[in-house]
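A.B. asks: Questions regarding the structure given below will be posed in turn.
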Amino acid sequence: MVYTVLAGNLLIAMRKFAAAAFSGGSAMWSEGVHSLADSINELLLLYGIHRAKASPDQTHPFGYGRELYVWSFIVALLVLAVGAGVSLFEGVANRRTGTPKSTRADSGGAQKRRTIRAL
């Protein structure tokens, strides 16, 4: 199951990065990074599952089963950190260069209203 989700996330990430390259949209870029982060999270969870199956030894007489929770916690921290990092990067980049007029929410509607009024 985890392998299927990992393969799906990698395919989705590639498509989103391709769409971002084609359109130049920062939202698609952000979505591609999000899907890539999901893929990295799946790899960490796979590692946690592998480590949790280790047999008990002298230092861990009850086994390593709870190690999966540690890796799940690390995944949660990474999701938060990557999301915050991408948001901060995009915010600083847009403040430095200014948001292009073509990506403003009302630019298309305002242009249409001006055109209709001119007619």
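A.B. asks: With V86, V75, V79, V33 as the choices, which residue is touching a helix residue (DSSP H, G or I) at 6+ places or on another chain (Cβ under 7 Å), in a helix (DSSP H, G or I), over 19 Å from A7 (Cα atoms) and not charged (D, E, K, R)?
C.D. replies: Checking each option against the conditions leaves just V86.
A.B. asks: Which residue, of H60, H50, is out of contact with any Gly (no Cβ under 6 Å at 6 or more places or on another chain), part of a helix (DSSP H, G or I) and surrounded by 11 or more Cβ atoms within 10 Å (Cβ to Cβ)?
C.D. replies: H50
A.B. asks: Also: Would it be correct to say that S87 is surrounded by 13 or more Cβ atoms within 10 Å (Cβ to Cβ) and under 25 Å from L10 (Cβ atoms)?
C.D. replies: Against the criterion (surrounded by 13 or more Cβ atoms within 10 Å (Cβ to Cβ) and under 25 Å from L10 (Cβ atoms)), S87 does not qualify.
A.B. asks: Identify, from the list L44, L68, the residue that is more than 18 Å from the chain's Cα centre (by Cα), of a type outside the set (G, A, S), farther than 30 Å from G98 by Cα and assigned to a helix (DSSP H, G or I).
C.D. replies: Of the residues listed, the single one that is more than 18 Å from the chain's Cα centre (by Cα), of a type outside the set (G, A, S), farther than 30 Å from G98 by Cα and assigned to a helix (DSSP H, G or I) is L68.
Each reported figure results from applying straightforward, stated rules to the coordinates on display, with no laboratory input. In this text the structure is predicted, and so the values were computed from the model without any measurement. No Cβ is skipped: glycine too gets one built from the backbone with ideal geometry, and neighbour counts run over all protein chains shown.
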